[in-house]
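Here's the structure, in structure tokens; my notes come after.
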Ligand code: PAF
């Protein structure tokens, strides 16, 4: 990968990386389409990264379908697909990790200890291997996007990080490989995240500035579904991710719940009227 990238760079080509864990859905394809439009060479990585799964999480069961993914990546215009094995990435006495001090201490980081260290480490490896000019991450994993932005700034990677909008099912549910775990009976419960998001946006556009009121409304919309177990509902600063006491400018609403075996996250920008 490094040799290939060095050659392309010498030829003046712009390399774009879309890092993924595979099991592609429309959300991944939209990242690739964006990538295609931002550079000359589109590299997609597919790697279910063991170090970002905690004990009891779904690493073994994580949905995988490499041959389908390769077909979809080719039809989305990928020039190269990187599909390492865990041994190739973490063999040979691997012992280095990359961690951030503050950003992981919010939102998902509180429920998934070590997760963002695994994400930062694998992303660092991918960046060194692929040497992209641009890398694209979905906004659905908002905390991940903020963390990668900070990592790249702190360690001078010289890579432009681009966030791509959340892609939703027709009923509003954010696309995610976790959705494959939902039964048809659990679907209304899963949809309640989007109902909560819409209600929060409406409240803020009407001038509500108190996060407590927004969280209460979001909670009540989700809790009516017995299948929903709320992990967190947070109205936070879009850059530091710290909880806000009052909404005075752009803020982020972030939610995480479990519905049966699926862990669902979603988020939105809250913009108060000017
Ligand atoms: O968002 C993902 O799919 C993963 O966290 C990533 C960025 C590919 C790192 O393993």
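The values are calculated or read from the model by the stated rules, or taken from the named source; none is laboratory data. This one's a predicted model, so the numbers in the text were calculated from it and none came from an experiment. With ideal geometry, Cβ positions are generated from the backbone for all residues, glycine too; neighbour counts draw on all protein chains shown.
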(request) Mind listing whichever residues of region 116-132 are on the phi < 0 side of the Ramachandran plot and not in a helix (DSSP H, G or I)? (result) 132
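For (1) closer than 16 Å to residue 148 by Cβ; (2) in contact with a helix residue (DSSP H, G or I) (Cβ under 8 Å, 6 or more places away or on another chain); (3) at pLDDT 95 or above, each residue gets a yes or a no:
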residue	(1), (2), (3)
82	no, yes, yes
85	no, no, yes
92	no, no, no
100	yes, yes, yes
105	no, no, yes
111	no, no, yes
126	yes, no, yes
(message) Go through (1) touching a helix residue (DSSP H, G or I) at 6+ places or on another chain (Cβ under 7 Å); (2) more than 16 Å from the ligand (Cβ to nearest atom); (3) within 27 Å of residue 264 (Cβ to Cβ) for residue 77 and report which single condition fails.
(response) (3)
(message) Here is a list: 30, 5. Which entry is in contact with a strand residue (DSSP E or B) (Cβ under 8 Å, 6 or more places away or on another chain), surrounded by 14 or more Cβ atoms within 10 Å (Cβ to Cβ) and closer than 20 Å to residue 130 by Cα?
(response) 5
(request) Would you check which residues across region 220-274 are part of a loop (DSSP other than H, G, I, E, B), touching a helix residue (DSSP H, G or I) at 6+ places or on another chain (Cβ under 6 Å), more than 30 Å from residue 61 (Cα to Cα) and without any contact (Cβ under 8 Å) to a residue 40 or more places away in the chain and list them? (result) 244
(message) What's the total number of residues in region 133-145 that are more than 13 Å from the ligand (Cβ to nearest atom) and either out of contact with any strand residue (DSSP E or B) (no Cβ under 6 Å at 6 or more places or on another chain) or part of a loop (DSSP other than H, G, I, E, B) (or both)?
(response) 1
(request) Looking only at region 67-82, count how many residues are free of Cβ contacts under 8 Å to residues at least 40 places away in the same chain and surrounded by 13 or more Cβ atoms within 10 Å (Cβ to Cβ). (result) 3
(message) Anything in region 44-59 that is within 12 Å of the ligand (Cβ to nearest atom) and in contact (Cβ under 8 Å) with a residue 12 or more places away in the chain? List them, or say none.
(response) 44, 45, 46, 47, 48, 49, 50, 51, 52, 53
(request) Look through region 28-43, keep the residues that are more than 10 Å from the ligand (Cβ to nearest atom) and under 15 Å from the mean Cα position of the chain (by Cα), and return whichever of them is farthest from residue 175 (Cα to Cα). (result) 32
